[in-house]
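What follows is calculated from the coordinates using simple rules that are stated; it is not laboratory data. A quick note: this is a predicted structure, and the numbers were derived from the prediction, not measured. Here the Cβ positions follow ideal geometry from the backbone for every residue, glycine too, while neighbour counts run over all protein chains shown.
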Amino acid sequence: MRVTVLSGGIGGARFLSGLRRVLDPSDPITVIGNTGDDAWLFGLRVCPDLDTVMYTLGGGIDPDKGWGRDSESWRAKEELGAYGAGPVWFGLGDRDLGTHLARTHLLREGHPLSEVTRILCARWQPGVRLLPMTDEPVETHVEIDDPETGLRRWVHFQEYWVRLQGPVAHGVRFDGIEVATAGPGVLQAIVEADLVVVPPSNPVVSVGTILSVAGVADAIRTARAPVVGVSPIVSGAPVRGMADRLLPLVDVPVTAAGVGEHYGSRTRGGLLDGWLVDASDAGCVAELVSIGLPTRAVPLLMTDPAATDEIARAVLAMADAVGGR
């Protein structure tokens, strides 16, 4: 069975770890990774979501943070700080730094991001085919009230989340998305899949960015495979991250039902054939079914590997129930 997953960072990577465990090892998994969080920092190209998937599935992630390398040290960061070299609010660990140096070197040699990602994954052997959503640079920016001047300004998503800790947002945009084309293999992975999964990643700045790449949403709408989504909202709040601050920007309620309606049912021009919500949100199941979106309530907190595996099994069961086209 060929499975294609649209993934952001931590939530998507943890779901993928469970999916890989419950599928047969011969079942290929393709991950279409969000690159809207990418940024130039310290002269290096940093791809947080791609790296989080690669490190998590390759066994090199910091298990407590859910991002960055395990057994990390920070001597280079300390030296940069001593020189006053910024941005001081963003730290690259010494081991993580090696990844960004290698990526930047390969990019400057002329390799596209998709090829660079394949080369980096050759070391980590994540057990999936990791494809950037596009080879063109796309960067997410968020409009905020500057905490120092009080004036509205646009900041890179990394500054919004890491430095400013996610203040009230007034707008979001994906710079470069208007000229971005789907990366090599991306549309083919959707068309040829036996199952397409939208995991519990941020609907605005992870999944939403991927869907904004030309052709991706249309490919999902017309895919022959069942498309199953997992709610990132549990009991009216994101499990982690800032989805609650960004969903209102696209007029979506911060609820499992709201996100389900946002993605929509394929029978009515949307993206999904099935939707999983947390057991605590079981009250919205009938509402979603009434608008043509088959929905089930199951435990969705990835508290440990066993719980994560059960979520992956629930996705497979929902796919069997709803079928494809």
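I need the shape label for region 1-113. Rule: rounded when a/c is under 1.5, else prolate if a/b > b/c, else oblate, with a, b, c from the alpha carbon gyration tensor. Cα axes put region 1-113 in the prolate bin. Label reach from Leu164 (point 7 Å along Cα→C-beta): in region 116-141, amide nitrogens under 15 Å belong to 140-141. If you take all other residues with their beta carbon under 13 Å from the beta carbon of Val128, and give Lys and Arg +1 and Asp and Glu -1, the sum is +4. For region 199-311, the spread of Cα coordinates along the three principal axes comes to 35, 27, 27 Å, biggest extent given first. As a rough guide to protection, the peptides 100-106, 197-203, 10-16, 64-70 ranked by mean Cβ packing within 10 Å, highest first, stand as 197-203, 10-16, 100-106, 64-70. Counted by Cβ distance under 12 Å from Val285, the other residues give a net charge of -2, where Lys and Arg count +1 and Asp and Glu count -1.
Distance between the 7 Å Cα→Cβ label points at Arg108 and Ile291: 4.9 nm.
Over the chain, dividing the summed -39,500 (n - 2.57) contributions of all DSSP H runs of at least 4 residues by the number of residues returns a 222 nm mean residue ellipticity of -10000 deg cm²/dmol. Taking a sphere under 13 Å around the Cβ of Ser73 and counting the other residues whose Cβ falls inside, with K and R at +1 and D and E at -1, yields a net charge of -3.
When you count, for each residue, the other Cβ atoms within 10 Å and take the mean per peptide, how do 22-34, 205-217 rank with the highest first? Walk me through the intermediate numbers first.
Values: 22-34: 18.7, 205-217: 21.8.
Ranked by mean Cβ neighbours within 10 Å, highest first: 205-217, 22-34.
Find how many whole Å separate the alpha carbon centroid of region 23-77 from the alpha carbon centroid of region 196-259. Value for the Cα centre distance between the two parts: 20 Å.
Out of every Cα pair in region 131-257, what percent are spaced more than 22 Å from each other?
43 percent
The Asp70 and Arg268 beta-carbon pair, evaluated with R₀ = 35 Å, returns a calculated FRET efficiency of approximately 0.20.
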